[in-house]
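Beneath this line is the structure, given in structure tokens, with notes to follow.
The values are calculated or read from the model by the stated rules, or taken from the named source; none is laboratory data. Quantities reported herein were computed from a predicted structural model and do not represent experimental measurements. Cβ coordinates were reconstructed from backbone atoms using ideal geometry, including for glycine residues, and neighbour counts include every protein chain displayed.
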Amino acid sequence: MHLLLHVLRPLLWASLLAAGATAARPPNIILVVSDDQGFDLACFGKKEFVTPHLDRMAAEGIRATSFYNTGSVCTPSRSGLITGRQPLRNGTYEMIRNDMVNYGHRYTPTEYAMSPEMTLGLDVRETTFGDILRSAGYRNAVFGKWDMGQARRFLPLQRGFDVFVGHGNNGIDYYTHERYGAPSLFRGNELSTAEKGTYATDIFRREAVRFIRDSAAKPFFLYLPFNAPHSASNLQKDSNQVPESYLRRYYPDRDPADARTKYAGMVSAMDEAIGDVFATLRELKLDRDTLVCFLADNGRNGGQIDGVSLRGGKSSPFEGGLRTPFIAWWPGVIPAGSTTREFLTSLELLPTFAAVAGARLPTDLTLDGFNLLPVLQGRLKSPRSEMFWDWPSAFQVARVGDLKWVSYTPRGRRGEVPPKEELYDVAQDPGEKRDLAATRPADLQRVKARFQAWRAEMEATEPRGPFRNF
Ligand SMILES: [Ca+2]
């Protein structure tokens with residue numbers, strides 16, 4: 001059975017290519033992730049943001065408007081993306097963060113070496129999308145925010161990647177590359193201060209272009225998780241950082257000192273970096289042999305899809321936190337200028353990459369998603385009818401069909417105060433304004449029961465660190 005699949009899989013990606021494409025090998029794969037951007041880009045309706053390259057990507061590819069991440073904050077969102085497994089299954093379901101900085105504490109080097117940001121990370125028994133694509137012969141790189149731990153065993157070179165420039169923790173200062181004073185920029189396995197003073201987005205942009213140019217010999221996987229436009233991790237009051245040139249270029253009529261203006265400039269700096277990636281693909285004539293995906297890791301307050309306002313933002317259980325933009329681009333394979341409303345999540349990306357690469361998945365690996373390419377091509381309805389989220393310190397959520405059950409408490413107080421429970425029809429009411437919990441009690445119980453069944457499955461899965469008690 002598996003031998004047969006192994007033989008047939010290379011035919012799978014070949015059959016996905018439209019007439020005219022001449023791929024002699026599986027496609028390159030580029031995954032771009034932005035940090036805390038939510039729907040702040042013009043092609044999802046926020047016209048005040050100048051994002052011509054992402055807009056062009058959407059015009060030449062497909063937008064998804066019902067796409068979810070596995071968390072509404074960085075770390076659990078990224079662990080689901082990287083492993084294709086629910087955070088409760090892969091074990092990284094909370095933030096890996098030295099929270100004492102919230103109270104003004106500065107970690108000494110000795111303290112930092114023993115702190116959660118150094119000692120915790122994605123369980124080494126987990127398989128990453130880098131591992132899967134490497135097994136199919138890909139050359140893999142990460143430039144940007146890894147966020148899966150920074151002890152050596154957790155860093156990308158030990159997790160299926162060949163090249164890494166970036167930070168293993170949550171966030172850095174864009175110029176010093178420090179996290180609250182702790183040097184945090186790695187080249188490979190080593191911390192490096194050689195480029196102190198260079199804007200982080202420009203470093204990741206340059207490395208991405210260089211990697212594409214250096215990868216002619218093999219299919220490549222470029223994972224490009226920008227730390228932008230997340231605010232910088234330093235102790236300044238306004239920690240939005242962007243070179244002046246972006247402010248002048250895009251907002252000549254706005255106050256350059258305004259934090260909101262700087263944030264918009266950070267979005268545009270990232271968009272220009274993405275533009276360089278596309279320009280390089282076109283120059284090297286790789287644009288029909290490369291699948292490019294873009295998503296934001298979580299929402300941001302004030303999120304809107306095509307003018308419809310979403311409730312909540314980062315760290316929230318509502319659509320404004322969990323639902324994010326997704327764009328996929330592969331000329332000749334994915335229809336241009338299209339939009340899908342199909343129910344999809346970031347758990348689908350690892351199986352999609354494996355399918356297009358013709359990779360064999362380990363038989364003992366339990367995944368929580370599926371190949372979404374046929375859905376993007378309009379050949380299949382999404383097989384997904386349910387999605388569940390459990391962020392133990394803050395909320396539990398189930399979406400079953402169009403109904404969404406939400407149980408939430410102020411963060412960190414779960415179990416101390418009674419949770420609020422609500423029910424929404426997110427197809428009819430994406431803004432989650434009309435709570436149906438009182439009027440549709442049978443539906444409420446049905447959705448909750450699905451959540452409980454899923455929760456029991458997570459409890460029964462082989463436990464993983466770093467948070468679970470086993
Ligand atoms: Ca984030």
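So here's what we get for this one:
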read-out	value
Members of region 432-458 that are closer than 30 Å to PHE470 by Cα and touching a residue at least 12 places away in the same chain (Cβ under 8 Å)	VAL447, LYS448, ARG450, PHE451, TRP454, ARG455, MET458
SER268 within 16 Å of the ligand (Cβ to nearest atom), farther than 30 Å from ARG25 by Cα and surrounded by 16 or more Cβ atoms within 10 Å (Cβ to Cβ)	no
Residues within region 279-309 that are within 16 Å of the ligand (Cβ to nearest atom) and part of a loop (DSSP other than H, G, I, E, B), tallied	7
Neighbours by Cβ (under 6 Å, 6+ apart or cross-chain): first from region 286-301, without any contact (Cβ under 8 Å) to a residue 40 or more places away in the chain; second away from the ligand (no atom under 16 Å from the Cβ) and β-branched (Val, Ile, Thr)	none
Test: ILE96 is β-branched (Val, Ile, Thr), within 16 Å of the ligand (Cβ to nearest atom) and closer than 24 Å to VAL356 by Cα	no
LEU281 being closer than 28 Å to SER346 by Cβ, among the aliphatic types (A, V, I, L, M) and surrounded by fewer than 22 Cβ atoms within 10 Å (Cβ to Cβ)	yes
Test result for TYR263, closer than 26 Å to ILE327 by Cβ and either within 16 Å of the ligand (Cβ to nearest atom) or not in a helix (DSSP H, G or I) (or both)	yes
Cross-chain or 6+ apart pairs with Cβ under 6 Å, region 29-46 first and on the phi > 0 side of the Ramachandran plot, then assigned to a loop (DSSP other than H, G, I, E, B) and within 15 Å of the ligand (Cβ to nearest atom)	ASP36/HIS230; ASP36/ARG300; ASP36/LYS314; GLY38/GLY299; GLY38/ARG300; GLY38/GLY303
Single unsatisfied condition, GLY84 versus (1) within 16 Å of the ligand (Cβ to nearest atom); (2) under 26 Å from ILE274 (Cβ atoms); (3) out of contact with any strand residue (DSSP E or B) (no Cβ under 9 Å at 6 or more places or on another chain)	(1)
Entirely in region 376-470, the strands (runs of 3 or more DSSP E) that have 3 or more residues that are among the aromatic types (Phe, Trp, Tyr)	386-391
Helices (runs of 4 or more DSSP H) completely within region 42-114 that count 1 or more residues being closer than 27 Å to GLY307 by Cβ	52-60, 74-83
Test for THR366: is it in contact with a helix residue (DSSP H, G or I) (Cβ under 9 Å, 6 or more places away or on another chain), over 28 Å from PHE49 (Cβ atoms) and polar (S, T, N, Q)	yes
Options ALA398, ALA394, ALA427; residue that is closer than 19 Å to GLU457 by Cα and aliphatic (A, V, I, L, M)	ALA398
Residue within region 356-368 that is over 24 Å from GLU457 (Cβ atoms), acidic (Asp, Glu) and more than 16 Å from the ligand (Cβ to nearest atom) present	no
Tally, over region 1-45, of residues that are away from the ligand (no atom under 16 Å from the Cβ), at pLDDT 95 or above and either of a type in the set (D, E, K, R) or within 30 Å of THR363 (Cβ to Cβ) (or both)	5
Identity of the residue in region 310-344, within 15 Å of the ligand (Cβ to nearest atom) and in a loop (DSSP other than H, G, I, E, B), that ends up farthest from the chain's Cα centre (by Cα)	GLY312
Some residue of region 123-141 being within 16 Å of the ligand (Cβ to nearest atom), hydrophobic (A, V, I, L, M, F, W, C) and in contact (Cβ under 8 Å) with a residue 60 or more places away in the chain	no
Which numbered condition ALA217 misses (of (1) under 23 Å from ALA279 (Cβ atoms); (2) within 16 Å of the ligand (Cβ to nearest atom); (3) part of a loop (DSSP other than H, G, I, E, B))	(2)
